[in-house]
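Let me begin by presenting the structure, written as structure tokens, before commenting on it.
The values are calculated or read from the model by the stated rules, or taken from the named source; none is laboratory data. Here the structure is a predicted model, which is why all the values come from computation and not from measurement. Here the Cβ positions follow ideal geometry from the backbone for every residue, glycine too, while neighbour counts run over all protein chains shown. Surface accessibility is based on the protein's heavy atoms, side chains included, excluding ligands, DNA and RNA. Shrake-Rupley method; radii C 1.70, N 1.55, O 1.52, S 1.80 Å.
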Amino acid sequence: MLRVEKLNYEVKGRKLLKDISLQVRKGEIVVLLGSNGAGKSTLMRLLSGDRRPNSGIISLNGQSLMKLDPRALAKCRALLTQQQQVSLSFKVSEIVLMGRYPHFTSAPQMEDVAIVDEVMALCGITQFSDRIYMSLSGGEQQRVQLARVLVQVWDNPDSLLLLDEPISALDMHYQQKVLAIAKGLSRKGYMVVLIVHDLNFAANYADRIVMLKHGRKLFDGTPNEVLNTKNIYTVFSVEAQVDMNPKTLRPCIKLEEMLLEEWSTPHII
Amino acid sequence: MQVKQRIIILFLTITLILVGMVSLGLGAYYIPVGDIWLLLLHKLEPGSSILDNSLENNVLFVVRMPRVLLGILVGAALGVSGAAIQGIFRNPLADPGLIGISSGASLFAVLVIAFESILFTSLSQIMGHYLLISGAFIGAGLTALLVYRISLKDGRPQITTMLLAGIAINGLAGALTGLMTYVATEQQLRTITFWMLGSLGGATWESVSAVTPFILLPVYGMFFFGKPLNTFALGEMQADLLGMRTDRVKLWVITLGTLAVGASVAVSGIIGFVGLLVPHTVRLMGGADNRYVLIASTIMGATVLTLADVLSRTLAAPIELPIGVITALLGTPVFLYILITEK
């Protein structure tokens with residue numbers, strides 16, 4: 001279980017996260033929602049242990065994140081970031097294998113190779129195996145990075161999987177597929193924290209939704225509890241019509257056309 | 001490592017041995033390859049022989065062999081340091097010179113040359129040639145330390161700051177070195193120029209044995225950083241998330257690089273382009289995996305420098321060209337070719 005208590009984080013006097021408490025239980029998939037700059041990615045970095053909070057506690061499976069050895073932590077926590085540049089001309093298979101680096105010392109074991117093959121097939125990148133990463137399209141690169149992050153914790157279902165906008169560059173098919181993989185992994189026991197911007201994806205795949213604004217947690221609950229017109233307006237300042245999808249019994253969000261107020265009065269020249 | 005990469009390393013090793021043999025034979029006094037074998041085998045067998053005091057024997061063991069060994073050591077140091085520093089800077093155009101190691105070493109060496117007769121007379125009598133070597137070594141260490149300290153932010157080295165600080169220090173050291181040429185005498189100026197362009201001409205068994213530990217240990221140490229350097233390609237944050245202690249890796253790689261490059265600048269002056277070009281070529285041949293690149297760059301660096309040394313001794317014989325001129329003359333076209341074809 002991931003437990004976060006009274007987290008505060010500031011950089012150069014700017015308070016990026018204020019008094020955040022939340023929990024992610026084993027087998028649960030939590031979606032973080034919020035506008036640009038709300039602190040979602042910052043929260044992800046803190047949850048990964050890459051940045052230390054100014055105050056507050058983050059504990060993973062009962063142990064403080066700060067006290068875990070970097071290599072031990074690497075075997076039970078993986079973070080997919082939005083930055084996906086790779087310097088130098090590495091091949092796709094080499095990039096994915098890097099996800100297994102915490103698990104072997106000099107040469108990859110049979111198990112590592114098997115995991116890499118399995119996950120590459122799952123992410124639909126087996127055919128790119130020998131291509132240079134930089135020569136792939138944006139969506140293909142994103143799937144390679146996802147595969148690398150998945151192999152890192154593939155053999156440990158007690159792990160924490162943090163995915164920061166994993167589908168931003170993907171086509172419709174892979175958007176659904178990646179979310180299905182995330183959900184499937186949560187059913188195997190993984191704690192999954194996900195950032196997506198599409199409210200309907202959040203409604204369909206999340207067990208719980210956490211909504212952030214200006215570094216504070218405003219709402220936290222099941223999709224049915226928190227995804228309503230009022231909350232969506234509070235967080236995103238958009239008008240939305242929220243219905244219930246009769247098939248899934250989950251919320252279904254329709255956004256209304258936005259009109260720019262400042263342009264609505266006709267100018268007389 | 002892949003089979004292809006192993007084959008490339010084997011191929012490079014054979015090339016190095018061949019180039020080394022040729023280099024032992026060629027020069028102002030030609031020794032046939034057969035004789036080299038004969039003399040080498042004879043050296044291994046104790047017992048006196050008429051061969052011992054022959055001219056051939058002296059040229060081979062007193063002049064050529066230390067020079068070839070020094071070329072191999074210096075080339076290996078430049079090749080592997082270039083590869084490792086490109087890895088931590090995440091930039092294929094980085095070079096040990098970029099963070100001020102070479103220019104710091106050269107500044108201090110020039111200071112020693114210019115002020116040897118005034119300030120360090122007693123030291124110079126005690127230390128002899130070692131004074132210049134230690135001067136260059138101290139210069140390399142101090143600049144690397146300075147650049148590293150400037151780059152620290154909240155106790156963590158920032159790679160971009162390090163690069164900018166290195167460029168600034170390079171400029172400063174270059175200006176001070178230029179200033180020194182005004183106070184130097186005619187004779188000192190010749191030494192300085194020759195030294196700034198690089199040369200293996202000063203090779204003796206003493207200089208070889210003096211730098212061997214300072215080059216072999218760092219070169220060997222670098223081989224352990226293949227995996228961490230690979231993860232640097234994903235960005236420092238991902239390297240951290242994969243459990244690599246990136247701050248330690250940076251500190252180690254820069255320390256080892258400074259030792260190896262500082263030692264080689266100290267004995268052979270500034271030799272450009274090897275640290276930049278060799279790793280690049282190695283990557284084009286067998287891919288970017290640093291577990292392969294580091295080893296292959298070491299061997300290829302040694303080969304390239306040995307070859308450049310043969311050319312510097314034979315192209316305009318009996319005059320000896322500075323080896324830095326050869327590496328730049330050979331390196332620039334190759335480099336431009338790579339740039340144009342990769343564009």
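Values for this structure:
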| read-out | value |
| --- | --- |
| For A:Ile125: the one exception among (1) open to solvent by 10 Å² or more (accessible area, probe 1.4 Å); (2) more than 24 Å from B:Asp240 (Cβ to Cβ) | (1) |
| Matching option when the condition is within 14 Å of chain B (Cβ to nearest Cβ) and either under 25 Å from A:Ser168 (Cα atoms) or open to solvent by 10 Å² or more (accessible area, probe 1.4 Å) (or both), among A:Gly39, A:Gly49 | A:Gly49 |
| Selected residue (criterion: farthest from the chain's Cα centre (by Cα)) from residues of segment A:197-236 that are aliphatic (A, V, I, L, M) and open to solvent by 10 Å² or more (accessible area, probe 1.4 Å) | A:Leu218 |
| Members of segment A:31-53 that are part of a helix (DSSP H, G or I) and β-branched (Val, Ile, Thr) | A:Thr42 |
| The lone exception for B:Ser49 - which of (1) modelled with pLDDT of 85 or more; (2) open to solvent by 30 Å² or more (accessible area, probe 1.4 Å) it fails | (1) |
| Matching option when the condition is part of a helix (DSSP H, G or I), more than 14 Å from chain A (Cβ to nearest Cβ) and more than 20 Å from B:Ile271 (Cβ to Cβ), among B:Thr161, B:Thr231, B:Thr191 | B:Thr161 |
| Count - residues of segment B:261-287 that are of a type in the set (A, V, I, L, M, F, W, C), open to solvent by less than 20 Å² (accessible area, probe 1.4 Å) and at pLDDT below 90 | 8 |
| Matching residues, segment B:222-239, being surrounded by 24 or more Cβ atoms within 10 Å (Cβ to Cβ) and farther than 21 Å from B:Val80 by Cβ | B:Leu234, B:Gln238 |
| Condition check for A:Leu179: closer than 19 Å to B:Leu241 by Cβ and buried (at least 23 other Cβ atoms within 10 Å of the Cβ) | no |
